[in-house]
Amino acid sequence: VGLRINLRRVRAGRVVVALVALMLCAVVLVSFRNSRSSSGWSSGPHASGAPKPSPKPVFRQDALGNFEPGAEPVGDGPGEGGRPHYPSPEKVNEAQQSAAEYGMTMTVSDDISMTRTIPDTRNPECRHWDYAEDLPKASVIVVFHNEGWSTLLRTVHTVLSRSPPQFLEEVLLVDDFSDKPALGGPLENYIARFNGKVRLLRNDKREGLIRTRSKGAEYARGEVVLFLDAHCEVNSNWLPPLLAPIRRDPTVMTVPVIDGIDHETFEYRPVYQGKSLSRGIFEWGMLYKETDVPTQEARRHEYVSEPFQSPTHAGGLFAIHKDFFLKLGGYDPGLLVWGGENFELSFKVWQCGGSIEWVPCSRVGHVYRNFMPYSFGKLGESKKGPLITTNYKRVIEVWFDEEHKEYFYTREPMARFVDAGDLTEQLALKERLGCKPFKWFMENVAYDVYEKYPKLPPNLHVGELRNAATGNCLDTMGRAAPTPMGTAHCHGLGNNQLVRLNAQGQMGIGERCVEADGRTVKLLFCRLGSVDGPWAYNADSKTMMHTPTKKCLAVHPHTGDLHLAVCAPINEYQKWAFREIVPK
Ligand code: UD2
Ligand code: MN
């Protein structure tokens, strides 16, 4: 309903403009701009011969920006205003089941209106920017696999109702071979109401989100392709600020700021409350991280609400010129299902002549799920080694240089054994486009990575760490840091038992560290910027010494707990051996 009203308002706005222009000829266009608050969004006076818009958005101290919508009245229905909603007592069971099926409580989402209001979480400055009237048009592409009905369609509805229609070519839904009946015929029937503005494509086999997005981009009709996950709510005036940088320079990729939507209550929760802006980086195991925008970057901008450059992005939500995306080959088609594609695209954008800007004035809410509700299907079994590591290896083997590849293998030793598949085409693309070396990227763009995640010293030992007395291995026990470590039956699979000891005494498991305070041995979050640690392994005596206390890592003979003991090299409970793990 909200959508219809908005469209009608805009249409009415157009008629008014046409009449005024007829009667007073041309000059009156300026006053149109001031009438926008009553007509929703202004719709391109440019077409009627207005002066050429400036290349960059203009900050207006005294007035609201040209595409600022009026405030949405907050209703009192479930979830309105972004408030949390809870299932009624008789629906608690159903709610739990839906959460187990979708990784988010669909029963709660189903109670909430498709176009509920959410808080405008932008910096107040954002409401004062004037954008060009001739921004490029976007195809909003939403790929989905077995998503919930109301979250998928709420994504569509909010895009339609919160975007100036003249910049929205279409919403393109691409179904990655879902098998839920509701997403079959009923979906076609539902979107018929949008009169072609919402299109639906379907894969005839499971492709994974990465290939499905590339396919969506090929089919898109808009000049810009703009990707969203299938469980988003776009916020006030989200679209023009994402398009403006691309209009200025079609090699800029733009990224909105992602607010959180709670997976249980659907409460809309802004990021950055009282925090400074952050940007996307990575650690050497290729886990995505965010960090404060470095002052060197912040200094380049007059207003905090201006877009700023970022080395990478989370993956799901971004806009890019379609031609530029296709020139970069879309995503590497060898990447499977999920993960690593955000890095692949970021590295090639930066290294091959483009840049990434995060846009604080564009806010989009995203439901972070409790767990991943889908399996990787047949695609998940088609490659040797865990699928995500395979993806990372493809990305780093193409875009990193020899030095930085080594940091990846130091942090993720099992990746050395993974078969990354054929990279000929990706390397040829890099060559053909004359892309810059990774060193250039690290020094000029991702310079803050070194500060948080310094270059890694080589590993001295890698493998499972087996105790001579019990035959058990050091193990995180599947618990999240900070937590006491334990020992468990050696399973030879790595994972929670894959221990690295580096040349500076740091013992690592995954991205975490093993430390000891007094008597307990704990798995901790490594101090950012630290690559050293307290451990010294003696391969002859087979002891692992904690150098600050000069004590030795030991299993307690009675309790089986780990502790630090006075070193006694003949004690079998203090003897440890690294055993290399080689995947079958
Ligand atoms: C994040 C990204 C996601 C993607 C992923 C890494 C955000 C907010 N989300 O994880 O967009 O970049 O990291 O790859 O940055 N889907 C398919 N086919 C599949 C699997 C998923 O179409 O085989 C769809 C899914 O329905 C959803 C989208 O792909 O619309 C992203 O999947 P997700 O929401 O499970 O990923 P997320 O948010 O955990
Ligand atoms: Mn998602």
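With the Cα gyration tensor of the stretch 309-368 giving a ≥ b ≥ c as the square roots of its eigenvalues, does the rule (a/c under 1.5 for rounded; else a/b larger than b/c for prolate; else oblate) give rounded, prolate or oblate? Oblate, since a/c reaches 1.5 and b/c is not below a/b.
Taking Cα pairs under 8 Å and at least six residues apart, what relative contact order does the chain come out at, in percent? The normalised contact order for the chain reaches 11 percent. Restricting the calculation to Cα atoms, the stretch 251-331 yields a radius of gyration followed by a Dmax of 14.8, 42 Å.
Simple point charges give the picture: +1 on the Cβ of Lys and Arg, -1 on the Cβ of Asp and Glu, and for the chain a dipole about the Cα centre of about 580 debye.
Once the Cα atoms are used to define both axes, helix 387-399 deviates from the longest principal axis of the chain by about 80 degrees. Taken one residue at a time, the phi angles of the stretch 515-531 give Karplus couplings (6.51, -1.76, 1.60, θ = phi - 60°) of 9, 10, 10, x, 9, 8, 9, 10, 8, 10, 6, 4, 4, 4, x, 9, 10 Hz. Gly and Pro are set to x.
Residues whose amide H falls under 5 Å from that of H461, counting only those 5 or more places apart or on a different chain, are L501, with hydrogens built in the peptide plane.
Each of L379, N93, V255 was scored by the projection of its Cα onto the charge dipole of the chain, and the greatest displacement toward the positive side belongs to V255; charges sit on the C-beta of Lys, Arg, Asp and Glu.
What fraction of the Cα pairs in the stretch 95-243, stated in percent, has a spacing above 21 angstrom?
Values: 5158 of 11026 pairs.
Of all Cα-Cα distances in the stretch 95-243, 47 percent exceed 21 Å.
How large is the charge dipole for the stretch 80-367, taken about the Cα centre, if only the Cβ atoms of Lys, Arg (+1) and Asp, Glu (-1) carry charge, to the nearest 20 debye?
Details: 31 positive and 40 negative charges, 93 e Å.
Dipole of the stretch 80-367, to the nearest 20 debye: 440 debye.
Surface listing: W576, W149 arranged by accessible area from highest to lowest gives W149, W576, probe 1.4 Å.
The alpha carbon centroids of the stretch 58-93 and the stretch 137-199 are separated by 21 Å. Cross-link partners for K91 among the aspartates and glutamates, with Cα-Cα distance under 12 Å and sequence neighbours closer than 8 places in the same chain left out: D110, D111. Note on the stretch 508-584 and the stretch 374-422: Cα centroid distance 29 Å, given to the nearest whole angstrom. For the stretch 254-413, the tally of Lys pairs with Cα-Cα distances below 22 Å comes to 14, considering only residues 8 or more apart or on different chains.
Rounded to the nearest whole Hz, the Karplus-based 3J(HN,Hα) values (6.51 cos²θ - 1.76 cosθ + 1.60, θ = phi - 60°) of the stretch 533-542 follow the sequence x, x, 9, 9, 9, 10, 5, 7, 7, 6, with x at glycine and proline.
Under the rule a/c < 1.5 gives rounded, and otherwise a/b versus b/c splits prolate from oblate, where does the stretch 378-452 land using the Cα gyration tensor? Intermediate values should be presented prior to the final figure.
Details: a/c = 2.50, a/b = 1.34, b/c = 1.86.
The shape class here is oblate.
Hey, any idea what % of the chain's accessible area is carbon plus sulfur with a 1.4 Å probe? C and S atoms contribute 54 percent here.
Helical runs (DSSP H, four residues minimum) scored at -39500 (n - 2.57) apiece and divided by the length of the chain put the mean residue ellipticity at 222 nm at -8000 deg cm²/dmol. From most to least packed by mean Cβ count within 10 Å, the peptides 305-312, 482-489, 338-345 give 338-345, 305-312, 482-489.
Which order do peptides 68-77, 405-414 fall in by mean Cβ count within 10 Å, highest first?
On the way: 68-77: 13.6, 405-414: 19.0.
Sorting 68-77, 405-414 by mean packing, highest first, produces 405-414, 68-77.
Once backbone amide H atoms are built at 1.01 Å from N, V293 has L277, S278, R279 as its partners under 5 Å, excluding neighbours fewer than 5 places away on the same chain. Annotation: lysines with alpha-carbon distance below 17 angstrom to K542 (same-chain offsets under eight excluded): K550, K551, K575. Close amide H pairs (under 5 Å, H built 1.01 Å from N) link F318 with F227, residues at least 5 positions away or on another chain.
Taking a ≥ b ≥ c as the square roots of the eigenvalues of the Cα gyration tensor, an a/c ratio of 1.5 or more together with a/b larger than b/c marks the chain as prolate.
Evaluating 6.51 cos²θ - 1.76 cosθ + 1.60 at θ = phi - 60° for every residue in the stretch 82-96, the Karplus couplings come out as x, 5, x, 10, 10, x, 5, x, 6, 9, 4, 4, 4, 4, 5 Hz, glycine and proline recorded as x.
Here K180 is the anchor, and the aspartates and glutamates within straight C-alpha reach of less than 14 Å, apart from those fewer than 8 places off in the same chain, are E101, E147, E188.
The values are calculated or read from the model by the stated rules, or taken from the named source; none is laboratory data. Since the model is a prediction, treat every value here as computed from it, not as a measurement. Glycine also receives a Cβ, built like all others from the backbone with ideal geometry; neighbour counts cover every protein chain displayed. Just the protein is used for accessible areas: all its heavy atoms, side chains included, with ligands, DNA and RNA removed. Shrake-Rupley method; radii C 1.70, N 1.55, O 1.52, S 1.80 Å.
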